[in-house]
Amino acid sequence: MVAGGGSRRGRPRAGEQARRRRAALEAALAELLERGATGITMQAVATRAGSSKESLYAWFGDRQGLLAALVEWQAERVNTAVTTALDRSADPRDTLTAVARNLLTLLVGDVSAALNRAAMTSPELAGLLLRHGRHTTGPLVAEFLSHLAEEGVLRIDDPEEAFRLFYGLVVRDLQIRVLLGERPPSEDAIGVQARIAVDRFLTLTGA
């Protein structure tokens, strides 16, 4: 009985496990921002997270698995931000501007740039980034654009193609310039770009 009770006390609860895993991801992200993908080590992440290498290997498998988890984590943040902004009860222009602003803020940020650079070194990570990022975000926004077309707000035949137009107007060459080392735009500049992009999109597609 004593041994069984001790075993249960020594096993972290599910909530504690999730908290520790998140702390490990945050530590890995900090290492990625400081050292780049090639500079990340499991030992450095474990030390920063106050965890152990054994725990990291149990959660992520290996270093590549840790980077993959980071890609999925960041993609989830982007998709959550986009989903939150897609308010069908709000004015369509305001909603599209919020989506554009959220996309730009996340895509040209330090985290996105670091993960995109990491993905450039690995076909596996690149595939994950596309699958959990663009190929998930796109349908979310395309569905909203389809709704606007049904409401008579937009004049579009293909919601996916409309999203590609929207994305191109919003992101332009800003992300690639940041990836190449240019400073990301300020919050105010992002807001201006989001409004300009939505104005142009509605001019091209408005009913």
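The values are calculated or read from the model by the stated rules, or taken from the named source; none is laboratory data. Small disclaimer: the values here were computed from a predicted structure and weren't measured. Note that we place each Cβ from the backbone using ideal geometry, even for glycine, and neighbour counts take in every protein chain shown.
Going by the conditions given, is Arg93 under 17 Å from Ala162 (Cβ atoms) and not in a helix (DSSP H, G or I)?
no
For the range 163-196, give me the residue count where each residue is over 20 Å from Ala114 (Cα atoms) and either in contact with a Gly (Cβ under 9 Å, 6 or more places away or on another chain) or aromatic (Phe, Trp, Tyr) (or both).
4
I'd like to check something: does the range 180-191 contain any residue that is over 23 Å from Glu72 (Cα atoms), without any contact (Cβ under 8 Å) to a residue 60 or more places away in the chain, in contact with a Pro (Cβ under 7 Å, 6 or more places away or on another chain) and of a type outside the set (A, V, I, L, M)?
Checked the range 180-191: no residue is over 23 Å from Glu72 (Cα atoms), without any contact (Cβ under 8 Å) to a residue 60 or more places away in the chain, in contact with a Pro (Cβ under 7 Å, 6 or more places away or on another chain) and of a type outside the set (A, V, I, L, M).
Please list, ordered by residue number, the helices (runs of 4 or more DSSP H) wholly in the range 135-207 having 2 or more residues that are small (Gly, Ala, Ser) and at pLDDT 95 or above.
Result: 135-150, 159-171, 187-205.
Tally time: how many residues in the range 52-90 are in a helix (DSSP H, G or I), basic (Lys, Arg) and either in contact with a His (Cβ under 8 Å, 6 or more places away or on another chain) or more than 23 Å from Ala37 (Cβ to Cβ) (or both)? Show your work before the answer.
Taking the range 52-90 as the starting set, the residues that turn out to be in a helix (DSSP H, G or I) are 53-60, 63-85.
Subsequent filtering for residues that are basic (Lys, Arg) retains 53, 63, 77.
If we keep only those that are either in contact with a His (Cβ under 8 Å, 6 or more places away or on another chain) or more than 23 Å from Ala37 (Cβ to Cβ) (or both) too, we end up with none.
Here the count works out to 0.
Report, ordered by the first and then the second residue, all pairs with beta carbons closer than 8 Å, sequence separation of six or more or different chains, a first member in the range 119-132 that is assigned to a helix (DSSP H, G or I), and a second member that is acidic (Asp, Glu).
Leu128/Glu72; His132/Glu72; His132/Glu76
Quick one: Leu33 ticks every box in (1) surrounded by fewer than 17 Cβ atoms within 10 Å (Cβ to Cβ); (2) in the same structural domain as Val171 (by the TED database); (3) modelled with pLDDT of 90 or more bar one, so which box is it?
Every listed condition holds for Leu33 apart from (2).
What's the number of the only condition in (1) in the same structural domain as Glu187 (by the TED database); (2) loosely packed, with under 14 Cβ neighbours inside 10 Å; (3) over 16 Å from Phe163 (Cα atoms) that Ala113 fails to meet?
Only one criterion in (1) in the same structural domain as Glu187 (by the TED database); (2) loosely packed, with under 14 Cβ neighbours inside 10 Å; (3) over 16 Å from Phe163 (Cα atoms) is unmet by Ala113, namely (2).
Of all residues in the range 80-108 being modelled with pLDDT of 90 or more and among the small types (Gly, Ala, Ser), which is surrounded by the most Cβ atoms within 10 Å (Cβ to Cβ)?
Among residues in the range 80-108 that are modelled with pLDDT of 90 or more and among the small types (Gly, Ala, Ser), the one surrounded by the most Cβ atoms within 10 Å (Cβ to Cβ) is Ala100.
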